[in-house]
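First comes the structure, then the notes that go with it.
The values are calculated or read from the model by the stated rules, or taken from the named source; none is laboratory data. This is a predicted model, so every value here is computed, not measured. We place every Cβ from the backbone using ideal geometry, glycine too, and count neighbours over all the protein chains shown. Protein only, heavy atoms only, side chains kept; ligands, DNA and RNA dropped before computing areas. Shrake-Rupley method; radii C 1.70, N 1.55, O 1.52, S 1.80 Å.
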Amino acid sequence: MAISVKVMQRKNQEISYLRAALKGMALTFSHLKRPSVTMQYPEETKTEDWKLPERWRGTHRMLTDEQGRAKCVACGLCPQICPANCIKLVPGEDEEGHRYPLVYEIDEFRCVFCGYCQEVCPEEAIHVGQHYENAEYSRDRFVYDLERLCAQTHPVSTLWDPSDARGE
Amino acid sequence: MSEELVKLTIEGVEVSVPRGTTVIEAAKEAGINIPHYCYHKGLPIAGVCRMCLVQIEGAPKLQISCATEVAEGQVVRVFGEEESKARSSVLEFLLINHPLDCPICDQSGECELQDFTFDERQGQSRYNDFPKRYDPAEQFGDDVMFVANRCILCTRCVRFMDHAAEEPVLNVSERGDRAFIGMHPDAELNHPWAGNVVDLCPVGSLISKDFLHKARVWELDHTDSICTGCSQGCNIHIDTREELVVRLRPRANEDVNKFFMCDEGRSNYRWLNSGDRIEAPLVAEGGSLVASGWDHALARVAQIVKGSTGDAVVLASGKSSNESLFFLRELFGEFDLKAHFRNFTVDGELPLSGVEGLALREERIPNGTGARQLGYDDSFNGVSNASIFLILGDDLEGITPEMLSGAKNFIYVGTTLPEAARNADVVLPATTVAEEDGTYVNRDNRVQRFSQARTAPGMGRPAWWAFAEVLKELGRGDAVDTAAEAFDAMASNVGAFNGMSYSTLGKNGQKLAESSAGVSK
Ligand code: SF4
Ligand code: SF4
Ligand code: SF4
Ligand code: SF4
Ligand code: FES
């Protein structure tokens, strides 16, 4: 059974798309004249008005002393506080009787980047860093050993703004 | 000390203590720990640290509670403003010289300076420009290291060496702000009980080289146990870190070892971590031992026991628990049993001369008394013409295979498999003292409990469990699931233990009935 359909009759200027298309293109072309806001990552990693926040918590870095040795004294506080249980530490003693980390590893895959390790460290040795480019070809490369942690050069995180420690 | 009681009030809590008690001890009765450094219950009172100052109503000034005796009707205040201020000041003086070593200090986590500094919130000293400084570390003895910078001059170590060890090799050298702990130039801190100064030192000044950097103390689990070093039966803590025993420390028991343990006992823990353990029951098949399950191995033992008659010989290690020794006897109840234990003796006791009744004893096994009470003797010299020979836990050192060869059936129950036991018919994996609950009897007839500190590797189970399972298999008993059940079964069977129960033994143990002589069944 046929259904009777009522066809509305409209004026031409009402159903023509031309006006809308031209309007859209006008907007598009007007953008050509505006300054670009797209950051050309990875060639560009920061722009005038955007950079990684200072309190960004990313891949770790172990700071070193003047002789290039890790500042860590293997006190055991960071493995204790770490909520992800991803820091492995075996303490040892060097020739001068100083306590130092024989083994120090952080599994960056398990890390939740809470920054507690940096906060608890009495020696200002371990830090979370202003860093986020972590691609690797294998999973085990994400376990950073002491050498690799010391070799990182990225800036470290400022966990809080010293002038506003309470975040107010 | 007369038993006349004196009533006093400490921080609003009323306590009655015998006349002659010090205020600091009376406060413990009231559940209050008055902060202190130089005072230690096991040492003579010195009164040098001034940390224990309290307010006693009526006294013109604050008094040191460690050297003040209680008096009738005394009212003592510990946590008032004035007392807290006094303690804070004492701490402030201590912190002039004390370095901020906590991150590298082994004492960190069980340090009384840390604890009280934290309690009193006195983290700073207003005077810290000229701390006195010494060489970082000095070797005092084979195991004791001295870090002079951390010392707070409480003199506990000096008093221990003077009055407990009676070998006065330590002293306070120099005076006033130059004072430090010195050692006699021709002496070393190697007295057989010297290791106790490490426990006594309230800070990380005297530390054990053996334990150095091994673990942070907050990672440790502490289990109450008994030293296996000799028949003294010192009460100890087994400190474990992730299933590894990392140190032994004395546990206070006024009736046995007071607060101390000897160095021999202290260092005797490495065997508890041994890696060469039997991990599964082994059953001889076609000339070699084959790993099997418990069911099969126990059935095999039951079969051997059932199919034999006549003589049975057992040789148990001196470290076997009473429970295991008892169920082993039960297992061979229908045999003509010769039960032996292995004894080790060393000539000459090494006493802690200033403390009565405490020495590293000649009998270097923990449970000789228990074994004798259960009818074992230490006169093993070989097996001949026995139908069954069973070894429990002995490592067979000094025993030749010929001495073991005179039995038709040979069962070995133990933790490691010595060469001489490789021709056993059945081998059952047992547990060490750190892996099971049980009891020992020390030389003074004191029955003492030890508890499990780590899990046994593989399928190891306590020997009493295995023997009870075999008895069940033979239809001569019920399964025994806990050491408490095992002990209680023994207590109702063996005269000497009559009337005792595992749960009432408590932490300090209980003496055997006076007139107990051997097994009565
Ligand atoms: S940032 Fe947090 S989760 Fe990551 S290692 Fe540090 S403490 Fe552990
Ligand atoms: S908290 Fe700092 S010093 Fe301590 S172990 Fe961690 S990195 Fe090392
Ligand atoms: S070394 Fe330790 S026990 Fe000895 S006086 Fe110093 S703080 Fe006290
Ligand atoms: S005296 Fe005996 S029981 Fe006490 S710690 Fe020494 S070896 Fe162990
Ligand atoms: S504990 Fe009383 S003065 Fe030291």
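Only a single criterion out of (1) more than 14 Å from chain B (Cβ to nearest Cβ); (2) at pLDDT 95 or above is not satisfied by residue A:162, namely (2).
For the residues B:67, B:30, B:59, the requirement of being among the hydrophobic types (A, V, I, L, M, F, W, C) and exposed (fewer than 13 other Cβ atoms within 10 Å of the Cβ) singles out B:59.
Has the stretch B:77-91 got any residue that is open to solvent by 40 Å² or more (accessible area, probe 1.4 Å), farther than 30 Å from residue B:126 by Cα and away from ligand 2 (no atom under 16 Å from the Cβ)? No. Of the residues making up the stretch B:167-184, those that are open to solvent by 60 Å² or more (accessible area, probe 1.4 Å) and touching a helix residue (DSSP H, G or I) at 6+ places or on another chain (Cβ under 9 Å) are B:167, B:168, B:171, B:177, B:180. For the stretch B:215-275, the strands (runs of 3 or more DSSP E) that sit wholly inside it and include 2 or more residues that are within 14 Å of chain A (Cβ to nearest Cβ) are B:244-250. When the stretch B:185-212 is filtered for residues that are open to solvent by 20 Å² or more (accessible area, probe 1.4 Å), of a type outside the set (Lys, Arg) and part of a loop (DSSP other than H, G, I, E, B), the ones remaining, listed by number, are B:185, B:186, B:187, B:188, B:190, B:192, B:210, B:212.
Would you check if residue B:138 is under 30 Å from residue B:12 (Cβ atoms), within 14 Å of chain A (Cβ to nearest Cβ) and under 30 Å from the mean Cα position of the chain (by Cα)? Considered against the rule, which asks whether it is under 30 Å from residue B:12 (Cβ atoms), within 14 Å of chain A (Cβ to nearest Cβ) and under 30 Å from the mean Cα position of the chain (by Cα), residue B:138 comes out as no.
Taking the stretch B:235-247 as the range and being closer than 17 Å to residue B:507 by Cβ and open to solvent by 10 Å² or more (accessible area, probe 1.4 Å) as the test, only B:237 passes.
Residues in the stretch B:129-138: is at least one closer than 30 Å to residue B:360 by Cβ and away from ligand 1 (no atom under 16 Å from the Cβ)? Scanning the stretch B:129-138 turns up at least one residue that is closer than 30 Å to residue B:360 by Cβ and away from ligand 1 (no atom under 16 Å from the Cβ).
So that you can scan it fast, the table gives a plain yes or no per residue for (1) free of Cβ contacts under 8 Å to residues at least 60 places away in the same chain; (2) in contact with a Lys or Arg (Cβ under 6 Å, 6 or more places away or on another chain):
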residue: A:9; (1), (2): yes, no
residue: A:24; (1), (2): yes, no
residue: A:46; (1), (2): yes, no
residue: A:59; (1), (2): no, no
residue: A:65; (1), (2): yes, yes
residue: A:73; (1), (2): yes, yes
residue: A:77; (1), (2): yes, no
residue: A:81; (1), (2): yes, no
residue: A:84; (1), (2): yes, yes
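Taking the stretch A:60-81 as the range and being part of a loop (DSSP other than H, G, I, E, B) and either open to solvent by less than 20 Å² (accessible area, probe 1.4 Å) or within 13 Å of chain B (Cβ to nearest Cβ) (or both) as the test, the residues that pass are A:71, A:72, A:73, A:74, A:75, A:76. Say whether the condition of being away from ligand 1 (no atom under 16 Å from the Cβ), outside the structural domain of residue B:352 (by TED's automatic domain parsing) and touching a Pro at 6+ places or on another chain (Cβ under 7 Å) is met by at least one residue in the stretch B:16-34. No, there is no match, as no residue in the stretch B:16-34 is away from ligand 1 (no atom under 16 Å from the Cβ), outside the structural domain of residue B:352 (by TED's automatic domain parsing) and touching a Pro at 6+ places or on another chain (Cβ under 7 Å).
Filtering the stretch B:36-56 down to residues that are part of a loop (DSSP other than H, G, I, E, B) and more than 26 Å from the chain's Cα centre (by Cα), which residue is surrounded by the most Cβ atoms within 10 Å (Cβ to Cβ)? Filtering the stretch B:36-56 for residues that are part of a loop (DSSP other than H, G, I, E, B) and more than 26 Å from the chain's Cα centre (by Cα), the one surrounded by the most Cβ atoms within 10 Å (Cβ to Cβ) comes out as B:52.
In this structure, residue B:435 qualifies as open to solvent by less than 10 Å² (accessible area, probe 1.4 Å) and among the acidic types (Asp, Glu).
Checking each residue in the stretch B:148-160 for being buried (at least 20 other Cβ atoms within 10 Å of the Cβ) and either touching a Cys at 6+ places or on another chain (Cβ under 8 Å) or not β-branched (Val, Ile, Thr) (or both) picks out B:150, B:151, B:152, B:154, B:155, B:156, B:157, B:159, B:160.
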